[in-house]
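Encoded as structure tokens, the structure appears first; notes follow it.
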Amino acid sequence: MKKTPTRDRLGYKSFYRRNLPHVQPLNTALFLTFRLAGSLPEEVLARMAMKRRLLDQTLKSNTSESRSRLHELTRRHFAILEGRLDKATTGPTWLADARIADLVAEALHYRDGLHYRLDAYSIMPNHVHVVFAPLAGGTLPKSLSSIMHSLKRNSAKRANQILNRAGTFWEHESFDHYIRNRAEWNRIVKYVLENPVRAGLVKCWQEWPWTYLRDSAMKPDAS
């Protein structure tokens, strides 16, 4: 995928990478997971690093087979991340504090209509799932990197003040995936909303105070 030139390191790019590849096609909704710093143990991070090396090798080829392999490796990478976050018995759980969860929800809603169209989210004790579609600013959409930089920086500052702590609050890099069609959007939104149910926190997603579904969006089953 051709890179879009930009003067700003946080400006829109159709593709960029840090530890993970990040793809933001035009006019596309995105699924993101971002987590608290220190929320995964070292052995899990080592397994994820191995998956990243496989991703790197796959990215060197642009065949249909390599793209299919990339999708599968990305899915596996996320499965490791999600499974360990939901079952974590160590690491910070600052988002279990209602004050912190509330401010993160407020930060997500504040940017709705300014930076993106907010479709759905679920705030868990140590991570957040969100689906949004960046809004156009001129000819290009708001960049994913600038959205997450603003969201994380401001919410981290406020959370640390409430918790009377200093230091890194969010893990620097987020997992993101661009949504290819409406069917995939429906599946991912349902997945996001039902995260508290899968984690055993509630029996139906509507019982969890920190889930959100846009009124005009699809209505998943309560179960």
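The values are calculated or read from the model by the stated rules, or taken from the named source; none is laboratory data. Please read these numbers as outputs of a predicted model, since none were measured by experiment. Every residue, glycine among them, receives a Cβ derived from its backbone with ideal geometry; neighbour counts consider all protein chains shown. These accessible areas exclude ligands, DNA and RNA; they are computed on the full protein's heavy atoms, side chains included. Shrake-Rupley method; radii C 1.70, N 1.55, O 1.52, S 1.80 Å.
Just a yes or no: is a residue in segment 143-158 in a strand (DSSP E or B) and touching a residue at least 60 places away in the same chain (Cβ under 8 Å)?
no
Give the residues of segment 140-186 that are hydrophobic (A, V, I, L, M, F, W, C) and at pLDDT 90 or above, sorted by residue number.
I147, M148, L151, A156, A159, I162, L163, A166, F169, W170, A183, W185
Which residues, counting only those in segment 133-186, are of a type in the set (S, T, Y) and either touching a Phe, Trp or Tyr at 6+ places or on another chain (Cβ under 7 Å) or open to solvent by less than 60 Å² (accessible area, probe 1.4 Å) (or both)?
Within segment 133-186, S143, S145, S146, S150, S155, S174 meet the criteria.
Quick check on my filter: what residues within segment 202-222 are of a type in the set (A, V, I, L, M), out of contact with any Cys (no Cβ under 7 Å at 6 or more places or on another chain) and at pLDDT below 95?
Across segment 202-222, the qualifying residues are A217, M218.
Which of the numbered conditions does S122 fail, given that it passes all the others? Conditions: (1) among the small types (G, A, S); (2) over 20 Å from W185 (Cα atoms); (3) touching a helix residue (DSSP H, G or I) at 6+ places or on another chain (Cβ under 8 Å).
The single condition S122 does not satisfy is (2).
Just one of D112, D97, D102 is under 12 Å from T211 (Cα atoms), open to solvent by 20 Å² or more (accessible area, probe 1.4 Å) and of a type in the set (D, E); which is it?
Residue meeting the stated conditions: D102.
Assess whether L118 counts as being touching a residue at least 12 places away in the same chain (Cβ under 8 Å), open to solvent by less than 60 Å² (accessible area, probe 1.4 Å) and in a helix (DSSP H, G or I).
So L118 fails the test.
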